[in-house]
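To keep things clear, I will list the structure first and then write my remarks on it.
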Amino acid sequence: MPSSAFNTALVDWNGLHNLPRFDAVADSDFAPAFDVVLERHEREIDAIAENSEAPTFANTIIALELAGDDLSRVSALFWNKAGADSNDTIRALEREVAPKMSRHYSKIGMNAALFQRIDALWEEKENLGLTTEENRVLERHWKGFVKSGAKLAKDQQERLAAVNEKLASLGASFGQNVLGDETTWYLPLAGEDDLAGLPAFVREAMGSAARERGVDSPYVVTLSRSIIEPFLTFSDRRDLREQAFRAWAARGQNGGDTDNRAIVTETLALRAEKARLLGYQNYAELKLDNTMAKTPEAVNDLLMRVWEKAVARARDEEKALAELIVGEGRNHEVMPWDWRHYAEKRRTHLFDFSEGELKPYLQLEKIIEACFEVARRLFGIRAVPVKDVVAYHPDVRVFEIRDASGKLIAMFLGDYFARASKRSGAWMSAFQTQHKLALKNGAVGEIPIIYNVCNFAKPEAGKPALLSLDDARTLFHEFGHALHGMLSDVTYPTVSGTGVSRDFVELPSQLYEHWLTVPEILKAYAVHYQTGQPMPQALLDKVLASRTFNSGFSTVEFTSSALVDMAFHTRGAVSDPMAVQAEVLSGIGMPQSIVMRHATPHFQHVFAGDGYSAGYYSYMWSEVLDADAFSAFEETGNAFDPAMAKRLKDNIYSVGGSIDPEDAYKAFRGKLPSPQALLIKKGLAA
């Protein structure tokens with residue numbers, strides 16, 4: 001391929017503070033670039049594997065840590081586009097790139113000469129004089145190669161490579177199908193009858209969505225969570241709520257090209273086969289091998305302990321909602337499209353405030369400021385807005401992150417608004433992770449370049465974006481992940497930032513959510529968008545008093561999803577995943593008025609790639625930790641206690657995966673917590 005086909009802007013990042021030059025990259029640049037950088041990485045791997053010198057940590061492990069930098073850069077830009085600003089060109093290439101990348105990494109993982117060098121170091125690790133971090137890095141590489149099939153016979157390696165390639169392709173298709181259903185469906189609304197009960201902020205969001213989609217109707221309900229949830233909460237039209245809810249719940253199972261049920265069946269069969277090839281009884285055992293939970297039994301024990309409390313609470317909540325329905329002179333049961341609507345009415349009755357009353361005090365701009373202020377008070381860092389830098393989309397904001405001395409320690413990009421080209425949900429990712437290794441260009445180390453993606457409803461021009469309390473928590477959650485990446489202070493990329501076990505990675509994010517509702521933060525940043533007045537003390541007190549309201553519902557939504565995930569990955573291949581889902585839900589006594597937070601055909605955490613497969617439980621596992629961790633601050637009487645904040649930074653946010661997570665937590669807290677802290681936090685135990 002002629003070199004002119006390769007756009008060097010994909011790998012030579014020479015924007016402000018070495019940001020990528022997003023404006024210098026076209027969608028058509030990615031296909032030829034992947035061919036070039038995959039070949040470069042392969043040559044780098046061959047050079048390490050064929051080194052005639054005896055293996056050392058430097059010439060093997062550090063060399064591996066630095067190899068593939070060009071591939072990492074192209075991949076970071078591409079997967080950012082695929083998730084946050086996709087189009088037909090990117091989606092078509094994603095279907096090609098996913099299996100191609102799988103083939104590439106399978107070949108590396110099965111490189112016998114390379115594994116021989118790593119294995120020799122592993123056998124001699126006690127005699128190498130390695131630091132704790134270096135031991136963790138060596139272990140990560142050795143276990144990674146073993147799980148990639150390095151110890152298998154040739155025919156088994158070939159089969160494993162084929163399985164991995166197919167799984168990569170299926171994961172890409174699964175995610176695209178969900179996005180396809182979310183993008184194409186909408187419910188047009190017109191007159192006041194259709195809009196009954198909807199407050200101004202919901203109407204404005206639906207109007208903005210209608211204009212973005214170019215439809216004739218002045219308002220549309222879309223399947224973006226930032227629109228569908230407030231619609232289900234406030235709409236007085238039960239028929240329209242049901243119509244919208246059924247579409248939301250049916251993503252990925254509508255028949256035709258975007259139906260994901262066959263993909264799930266094939267995915268589960270291939271994952272079960274992969275586990276057997278690698279010597280595990282099931283896929284859950286494979287995935288849990290290097291986690292805090294360690295076994296499926298430990299996961300299910302936690303989930304069922306919480307489930308029993310949660311479903312009992314949800315039954316009580318359902319009875320209360322049924323009484324409201326009867327009180328309105330209606331005679332229907334509580335159905336999933338009713339729950340949010342009547343829960344909001346019940347909250348208004350119990351606590352004398354509604355989501356609509358709260359929302360004017362939760363401006364996106366002020367909640368972003370609150371996020372940054374909490375980080376400043378805890379960790380001594382400042383977020384400095386940067387103007388005139390072109391990001392990957394016009395809505396994206398760019399910030400320098402500087403420490404107390406003014407030193408630049410990270411770059412942060414915030415992408416907050418929903419759009420049709422963006423997949424649903426919210427996430428943190430990195431264009432570049434922190435490390436301290438010497439690079440081939442003479443530089444030593446790199447600062448992290450981190451971004452957050454959310455899906456808040458975009459307001460009309462000139463109007464503020466107003467958030468729900470859940471939206472505000474989401475923003476804090478994702479910034480907690482971002483801080484985990486930005487405060488990283490390790491030597492090796494493999495263990496940088498969020499490079500930790502899956503059931504530990506949610507601790508920094510879920511813990512950070514607690515500071516949103518610290519009274520002094522709400523008083524300072526929850527100000528009315530029109531008057532600028534702070535949230536009245538009476539309303540603030542009600543918000544704080546209602547923190548565990550509806551906790552049965554939300555915990556049942558989550559826990560049912562986690563239990564189904566574990567059932568799939570402990571059973572292995574199943575002929576009808578939807579029958580298994582129904583069986584599990586029936587067996588645990590799932591109320592008919594609540595559905596899984598993520599039904600199987602749109603369960604992207606688990607099936608649009610491998611990230612949270614047999615791992616959705618990890619949010620709850622980390623929640624046990626975060627409930628206990630915030631108690632450490634409460635026990636001091638100061639949510640910003642300097643000594644405790646330093647321990648948090650030094651032992652949780654900055655160490656990445658450089659030490660064992662249990663050791664990291666005990667260094668911060670002195671002990672590991674019990675699930676009781678979680679039950680108390682959720683109001684499910686005294």
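Among Ala461, Pro601, Asn111, which residue has its Cα positioned farthest towards the positive end of the charge dipole of the chain, with +1 placed on the Cβ of Lys and Arg, -1 on the Cβ of Asp and Glu, and the dipole taken about the Cα centre?
Farthest along the dipole direction, towards plus: Ala461.
Whole Å is fine, so just give me how far the alpha carbon centre of region 73-116 lies from that of region 145-220.
19 Å
Could you give each residue of region 612-627 its phi-based ³J(HN,Hα) in whole Hz, using Karplus coefficients 6.51, -1.76, 1.60 with θ = phi - 60°, and x for Gly or Pro?
Taking θ as phi minus 60°, the curve returns 10, 5, 6, x, 5, 4, 4, 4, 6, 4, 5, 5, 4, 5, 5, 4 Hz for region 612-627.
Using the eigenvalues of the Cα gyration tensor, what equivalent ellipsoid semi-axes result for the chain when each is taken as the square root of five times the eigenvalue, whole Å, largest first?
In descending order, the three semi-axes are 40, 28, 27 Å.
Calculated FRET efficiency, Arg305 and Ala461, Cβ-Cβ r, R0 41 Å, to nearest 0.05?
Numbers: r = 50 Å, r/R0 = 1.21.
That pair, Arg305 with Ala461, gives E of 0.25.
May I ask for the net charge around Trp248, where only other residues with Cβ less than 12 Å from the Cβ of Trp248 are counted and Lys, Arg are +1 while Asp, Glu are -1?
Result for the neighbourhood of Trp248: +2.
I need the calculated FRET efficiency for the pair Ser405 and Glu124, taking r as the beta carbon distance and R₀ as 30 Å, to the nearest 0.05. Mind showing how you got there, number by number?
On the way: r = 41 Å, r/R0 = 1.38.
Efficiency for this residue pair is about 0.15.
Run the helix sum for the chain: -39,500 (n - 2.57) per DSSP H stretch of 4+ residues, divided by residue count, reported at 222 nm to the nearest 500 deg cm²/dmol. Working shown, then result.
Details: 27 runs with 366 residues, N = 686.
Rounded to the nearest 500, the figure is -17000 deg cm²/dmol.
Report the charge-dipole magnitude of region 185-250 in Debye, nearest 20, computed about the Cα centre from +1 at each Lys and Arg Cβ and -1 at each Asp and Glu Cβ.
220 debye
Taking Cα pairs under 8 Å and at least six residues apart, what relative contact order does the chain come out at, in percent?
Details: 1085 pairs, mean separation 108.3, N = 686.
Computed value for the chain: 16 percent relative contact order.
Assign unit charges at the C-beta atoms only (+1 for Lys and Arg, -1 for Asp and Glu), then state the dipole size of region 333-396 relative to its Cα centre in Debye, rounded to the nearest 20.
The calculation lands at about 300 debye.
Longer than 31 Å from Cα to Cα, which of Lys81/Lys151; Lys154/Lys422; Lys151/Lys294; Lys147/Lys646 are they? Say none if no pair is. All intermediate terms of the calculation are to be shown ahead of the outcome.
On the way: Lys81/Lys151 36 Å; Lys154/Lys422 41 Å; Lys151/Lys294 22 Å; Lys147/Lys646 37 Å.
Beyond 31 Å: Lys81/Lys151; Lys154/Lys422; Lys147/Lys646.
Starting from the 7 Å offset along Cα-to-Cβ, what nm value, one decimal, do you get for the label separation of Asp35 and Phe640?
Label at Asp35, label at Phe640, 5.6 nm between them.
Run the numbers for Asp23 and Gln156: contour at 0.36 nm per residue of separation, minus the present Cα-Cα distance, in nm.
43.4 nm
Hey, what D do you get for region 475-523 in µm²/s if you plug the Kirkwood alpha-carbon radius into Stokes-Einstein at 37 °C and 0.692 mPa s?
284 µm²/s
Within straight cross-link reach of Lys345, meaning Cα distance under 28 Å, which lysines are found once same-chain residues fewer than 8 apart are removed?
Within the straight-line limit of under 28 Å, Lys345 reaches these lysines: Lys309, Lys319, Lys359, Lys366, Lys458, Lys463, Lys523, Lys542, Lys681, Lys682.
Given 37 °C and 0.692 mPa s, how large is the Stokes-Einstein diffusion coefficient of region 185-250 in µm²/s, with Rh as the Kirkwood radius over Cα pairs?
Translational diffusion coefficient: 287 µm²/s.
Among Val220, Gly615, Pro199, whose Cα projects farthest towards the positive end of the dipole of the chain, with charges put on the beta-carbon of Lys, Arg (+1) and Asp, Glu (-1)?
Checked the options; the winner is Pro199.
Nearest 10 degrees, 0 to 90: what angle lies between the long axis of helix 577-587 and the longest principal axis of the chain (Cα atoms)?
So the inclination is approximately 60 degrees.
What is the spin-label model distance, in nm, from Arg547 to Asp388 if the labels are put 7 Å beyond Cα along the C-beta direction?
Label-label distance for Arg547 and Asp388, simple model: 4.5 nm.
At q = 0.12, 0.16, 0.21, 0.24 Å⁻¹, what is the base-10 log of I(q)/I(0) for region 596-686 according to the Debye formula with one equal point scatterer per Cα and no solvent? Please give it to two decimals.
After summing over all Cα pairs, the log10 values are -0.49, -0.79, -1.06, -1.17.
Whole Å is fine, so just give me how far the alpha carbon centre of region 600-618 lies from that of region 302-349.
Using only Cα atoms to place each centre, the spacing works out to 27 Å.
Given a Förster distance of 60 Å, report the FRET efficiency between Asp352 and Asn59 from their Cβ-Cβ distance, rounded to the nearest 0.05.
Numbers: r = 68 Å, r/R0 = 1.14.
Computed FRET efficiency for Asp352 and Asn59: 0.30.
Please give the net charge around Leu324, taking every other residue with its beta carbon less than 14 angstrom from that of Leu324, where Lys and Arg add +1 and Asp and Glu add -1.
Net local charge, Leu324 excluded: -2.
Points 7 angstrom from Cα along the Cβ direction at Lys440 and Ser575: gap in nanometres?
The answer from the label model is 5.4 nm.
Within 10 Å of each candidate Cβ there may be at most 12 other Cβ atoms; applying that plus a DSSP loop requirement, which GluC sites (Glu not before Pro) in region 230-331 survive?
Answer in residue order: Glu328.
Work out the length of the dipole vector of the chain about its Cα centre, built from +1 on the beta-carbon of each Lys and Arg and -1 on the beta-carbon of each Asp and Glu, and round it to the nearest 20 debye.
Details: 76 positive and 94 negative charges, 102 e Å.
Roughly 500 debye, rounded to the nearest 20.
Nearest 10 degrees, 0 to 90: what angle lies between the long axis of helix 88-109 and the longest principal axis of the chain (Cα atoms)?
40 degrees
Relative to the longest principal axis of the C-alpha atoms of the chain, give the angle of the C-alpha long axis of helix 30-49, reported between 0 and 90° and rounded to the nearest 10°.
Tilt relative to the chain: about 50 degrees.
Post the alpha-carbon centroid distance, region 529-597 to region 432-458, in whole angstrom.
33 Å
Normalised by the residues of region 185-250, what does the relative contact order come to in percent, with Cα pairs under 8 Å and at least six apart?
Relative contact order of region 185-250: 37 percent.
Taken together, the values in this text are just the output of simple stated rules run on the coordinates, not laboratory data. Please read all numbers here as calculations on a predicted model, not as lab measurements. Don't worry about glycine lacking a Cβ; one is built from the backbone with ideal geometry, like all the others, and counts go over all protein chains shown.
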